[in-house]
Amino acid sequence: KQRNTCVIGTAQTLAVTVGTLPAQPSAITAGNATPCPTSTGNTYSVTNVTGVTYAWTYSGTNQTSTAGNNTNSITVSYAAGTSGTWTVTPSNTCGIGTAQTLTSALYRLRAHPGAIRAVNDTPCPTSTGNTYRLTNLTGVT
C-alpha cells in the first residue's frame, strides 16, 4: 500500500509473463532426399510453432526459394545446384533460437559410358544382327 499524509491508497498489481526464445525446430523433412541438380518443386519443412518465424539458408549454390520464405516450409528449385547444408533458424519477439540443419546431397549425374563400338564397322544396308557395345557402368541402365 501507498501512504502519504492525506490518504492511504490501494495497492495495484501487474502480472508479467516473461517470454522465451523459440526452441530449436524439429528435424528438417525433405520431400526428396536426393533431388536432381536441375529440379523444381523440392520441399523442406519443420513442425510449425505459432509465433515463430523461420529463416532458411543454403550453403550450396544455384538454388532459388520459390515459396514459403519465413515460414516452416519452403519450396525450392535448383539450377545446376551443388550439394550443401540447409539451415533453418527460428525467431520470435524475444530473439533468435538455435538453428536446425540438414545436409542435402543432390543426385549426381552418372558418367556417360563412352563411345559406341560396332563389331562390324561397315555393315551392309540390308544386314541384320549387327552388334554394338558400350562400356558397362554399374547402376546405369
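For the reader, a short list of remarks on this structure follows.
- Subset of segment 52-79 that is touching a residue at least 40 places away in the same chain (Cβ under 8 Å) and open to solvent by less than 60 Å² (accessible area, probe 1.4 Å) - its residue that is nearest to residue 23 (Cα to Cα): 52
- Filter result for residue 28 (among the aliphatic types (A, V, I, L, M) and surrounded by 13 or more Cβ atoms within 10 Å (Cβ to Cβ)): yes
- Scanning segment 88-108 for residues that are charged (D, E, K, R) and open to solvent by less than 40 Å² (accessible area, probe 1.4 Å) turns up nothing.
- Test: residue in segment 1-19 that is modelled with pLDDT of 95 or more and either open to solvent by 90 Å² or more (accessible area, probe 1.4 Å) or at positive phi (or both): no
- Long-range neighbours under 6 Å by Cβ, at least six apart or interchain, first residue in contact (Cβ under 8 Å) with a residue 24 or more places away in the chain within segment 84-106, second of a type in the set (Phe, Trp, Tyr) and assigned to a strand (DSSP E or B): 84/58; 86/44; 86/58; 88/54; 88/56; 90/54; 102/86; 104/86
The values are calculated or read from the model by the stated rules, or taken from the named source; none is laboratory data. Keep in mind that what you see is a predicted model, and the values were worked out from it rather than measured. Neighbour counts run over all protein chains shown; Cβ positions are idealised from the backbone, glycine included. Side chains included, ligands, DNA and RNA excluded: accessible areas come from the protein's heavy atoms. Shrake-Rupley method; radii C 1.70, N 1.55, O 1.52, S 1.80 Å.
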